[in-house]
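Structure first, then comments.
Nothing in this text is a laboratory measurement; each read-out follows from the coordinates by a stated rule. Quantities reported herein were computed from a predicted structural model and do not represent experimental measurements.
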Amino acid sequence: MKIYLDNAATTQLDSTVFQEMEPYLFESYGNPSSSHAAGRAARTAIEASRRTIADLLNAAPENIVFTSGGTEADNTAIISAVRSKGIKLVISSKFEHHAVLNTLKYLEQRGEIRVVFLKHDDNGNLSLSHLEQLLAANEKALVSLMHANNELGNLIDIQQVGALCKSAGAIFHSDTVQSICQYQYDTQTLPADFLVASAHKFHGPKGVGFLYARDPKALTPFLHGGAQERGLRSGTENVSGIVGMAKALSLSYANQANHQQHLSELKEKMINNLISKIPGIRFNGNSARKKLSLNNVLNVALPLADSGQDVLSFLDQHEIYASGGSACSAKSNSHVLSALGVSAGLTNIRFSFSRYTTEEELEYTVDLLSGLYVNTALKEMSTIC
């Protein structure tokens with residue numbers, strides 16, 4: 001059977017979401033910038049979706065800008081903050097997504113900013129005292145820290161970080177791509193200036209996302225052309241994608257408690273199963289710490305297989321789909337694990353679950369994996385005896 005355990009990379013499209021999208025692919029397919037009835041129907045759908053998302057975040061519709069996904073939203077937020085607010089210092093971490101790190105690298109190479117990375121411990125916990133010191137020593141800064149790490153599942157205290165930024169007059173951008181469907185953000189109480197979403201992380205379509213901007217007037221256009229998105233993002237809108245994203249986020253919020261309970265139980269059972277069946281297994285970052293990580297991400301460090309078999313290839317051959325880290329860095333060593341000091345020689349695997357993942361699938365996966373470590377287990381048993 002095929003088992004998909006790479007949901008932090010992308011998720012299965014919900015059939016209900018597709019049903020919501022379908023009319024805008026085959027019936028109401030007019031260009032939303034057209035003035036005729038077909039165009040007006042598409043425009044109405046976009047604005048209704050904008051209101052839906054804004055309501056879920058307790059924001060105003062004008063705070064929501066539709067994008068092609070998380071990468072564009074991150075780029076827009078960071079570049080806009082730097083250039084419209086005259087930011088010279090950006091405080092971030094070495095664990096951020098490449099959409100953030102490479103944008104900061106680009107701006108730093110141009111001489112526009114200086115980047116300082118926060119100190120962290122061996123599990124990837126960021127030093128908020130270091131953040132406080134940096135904020136106190138500098139007049140104006142942009143802080144860019146993801147709420148939930150896409151490889152480890154590590155969580156920051158987003159409320160506390162936001163409060164520190166607000167107190168110091170700093171701008172706070174958080175890449176919330178992995179967490180926006182798992183936490184109900186109230187933008188009236190969360191002191192964040194920018195939040196980011198990508199629909200395919202929560203059972204929506206690929207190629208569409210949004211940026212929440214507390215002050216949309218501070219945004220500078222990332223794409224130039226027409227007047228779409230109030231002149232902030234030119235290009236004909238992905239109408240069906242936007243409609244699907246709004247539906248997917250609505251479903252996530254409506255069933256959030258049940259989904260989180262399901263994911264939490266899956267993760268706990270898999271951790272216990274792995275520990276009992278694979279000697280020497282470890283967990284990277286806060287991955288196995290329930291209150292400090294996402295419920296759907298488990299990053300494991302496996303010993304070398306007795307046969308020398310590449311574990312990810314072995315799983316792939318058995319139609320079990322997991323990853324060694326972020327899908328965006330699949331062809332290179334994980335920068336997140338490197339920042340943690342985890343050896344690239346270890347077998348590090350990220351398992352990530354969704355509401356469609358079953359306990360039986362995880363049991364099968366662990367049983368199959370444990371077969372690679374039979375000799376290791378026997379040696380450990382003989383040592384104990």
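The fraction of all Cα pairs in the stretch 119-192 landing in successive 10 Å bins from 0 to the largest distance is 19, 52, 27, 2, given as whole percents. Taking amide H atoms as placed 1.01 Å from N in the peptide plane, the amide H of G235 lies under 5 Å from those of G226, Q228, each 5 or more residues away in sequence or on another chain. Normalising the average separation of contacting C-alpha pairs (under 8 angstrom, six or more residues apart) by the number of residues puts the relative contact order of the chain at 23 percent. Within a straight-line Cα-Cα reach of under 19 Å, K291 can be paired with the following lysines, leaving aside sequence neighbours fewer than 8 residues apart in one chain: K267, K269. Put the Cα centre of the stretch 139-211 next to the Cα centre of the stretch 222-249 and the gap is 20 Å. Average 1/r across all pairs of distinct alpha carbons in the chain, invert it, and you get the Kirkwood radius: 22.0 Å. In percent, rounded to a whole number, the relative contact order of the stretch 47-156 is 25, using alpha-carbon pairs under 8 Å and six or more apart.
Lysine pair count for the stretch 15-254 (Cα-Cα distance under 26 Å; residues 8 or more apart in sequence or on different chains): 28. With no solvent and one equal point scatterer placed on each C-alpha of the stretch 185-343, evaluate the Debye formula and give log10 I(q)/I(0) for q = 0.08, 0.14, 0.21 Å⁻¹, two decimals. The Cα Debye sum returns log10 ratios of -0.37, -1.00, -1.48. Couplings 3J(HN,Hα) for the stretch 117-124, derived from phi with the Karplus relation 6.51 cos²θ - 1.76 cosθ + 1.60 (θ = phi - 60°), are 9, 5, 5, 8, 8, 5, 9, x Hz, where x marks Gly and Pro.
Please list the equivalent ellipsoid semi-axes of the stretch 166-213, computed as the square roots of five times the alpha-carbon gyration tensor eigenvalues, in descending order and whole angstrom. Numbers along the way, then the final one.
Working: eigenvalues 106, 24, 11 Å².
Those come to 23, 11, 7 Å.
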